[in-house]
Amino acid sequence: MLARAHRLGLRAVALAEHADGSTVVRTLDAVKEVAAAYSACFDLLVVPAVELTGIPPACLAEEVHRVRSLGAQLVLVHGEGLWGAAVPGTNLAAVEAGVDILAHPGCLTDAEAARAAEQGVALMLCAQPGHCLANGHVWRQAQRFGVPAVVVSGAHGEGEMLGPGGLRQVAFGAGMDEKGWRACQRYAWNLACRRFGVYEHAALSGAVPGRDCGT
């Protein structure tokens, strides 16, 4: 996966494996090991991350705190997308828990979007079949309420990973213009760098075409 990201010209990749309370420790240990071993080899900023999946909404805040303490640099929650939707209430619980990114939130409500803006939680637009069907709605809600957004492959295998051009097409397909696309890329790069302790000026220098973020 990281070799393909390098070939595609990506500069940062969040390795966000799905996990629940029973698997998060070994999942995150494996992700951290890969990130540490191969970042320099592929000239990639590889961010150890986890996508909490199938967690009851009432338990999300505790799990988010737990995975951060275990070393996750980015914490995502598997949102209420249109394909394999999460339990109702997951979107709002994830936002209240202060995750970094709410993944493919589907038919995001006004209340959820407004709270995401207040909490500084980014919304994910995803290339994955099924989840991608709500990208336009998610982007409109992000614009309306001033919520940061990220555009990702959502790849579960090497062949699903997109390069900068493919990610740009996903963004424009959701209704973004060039300004919105660049803002999303800048936010994703800065988020990855900030969580990894890289200086902000280095993050900004990477927010140009060809230095894109993916997952």
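Computed from the coordinates by the stated procedures, all read-outs in this text should not be read as laboratory data. Since the structure is predicted, the reported quantities are computational estimates derived from the model, not experimental observations. Using ideal geometry, Cβ is built from the backbone for each residue, glycine included, and neighbour counts are taken over all protein chains shown.
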Task: Scope the range 42-79; condition in contact with a Leu (Cβ under 8 Å, 6 or more places away or on another chain) and not aliphatic (A, V, I, L, M); matching residues - done: Phe42, Pro48, Glu51, Pro57, Glu63, Gly71, His78, Gly79
Open item on the list: Among the residues in the range 142-162, are any among the aromatic types (Phe, Trp, Tyr) and within 18 Å of Val95 (Cβ to Cβ)?
Closed with: yes
Open item on the list: So in the range 30-60, with the set limited to residues that are acidic (Asp, Glu) and farther than 29 Å from Trp83 by Cβ, which one is surrounded by the fewest Cβ atoms within 10 Å (Cβ to Cβ)?
Closed with: Asp43
- [ ] Filter the range 167-192 down to residues that are among the aliphatic types (A, V, I, L, M) and free of Cβ contacts under 8 Å to residues at least 40 places away in the same chain and give me whichever is nearest to Gly136 (Cα to Cα).
- [x] Met176
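For (1) free of Cβ contacts under 8 Å to residues at least 60 places away in the same chain; (2) of a type in the set (Lys, Arg); (3) surrounded by fewer than 21 Cβ atoms within 10 Å (Cβ to Cβ), each residue gets a yes or a no:
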residue: Leu133; (1), (2), (3): yes, no, yes
residue: Val138; (1), (2), (3): yes, no, no
residue: Gln143; (1), (2), (3): yes, no, yes
residue: Ala155; (1), (2), (3): no, no, yes
Open item on the list: Can you report the number of residues in the range 49-59 which are within 15 Å of Thr23 (Cα to Cα) and touching a helix residue (DSSP H, G or I) at 6+ places or on another chain (Cβ under 6 Å)?
Closed with: 3
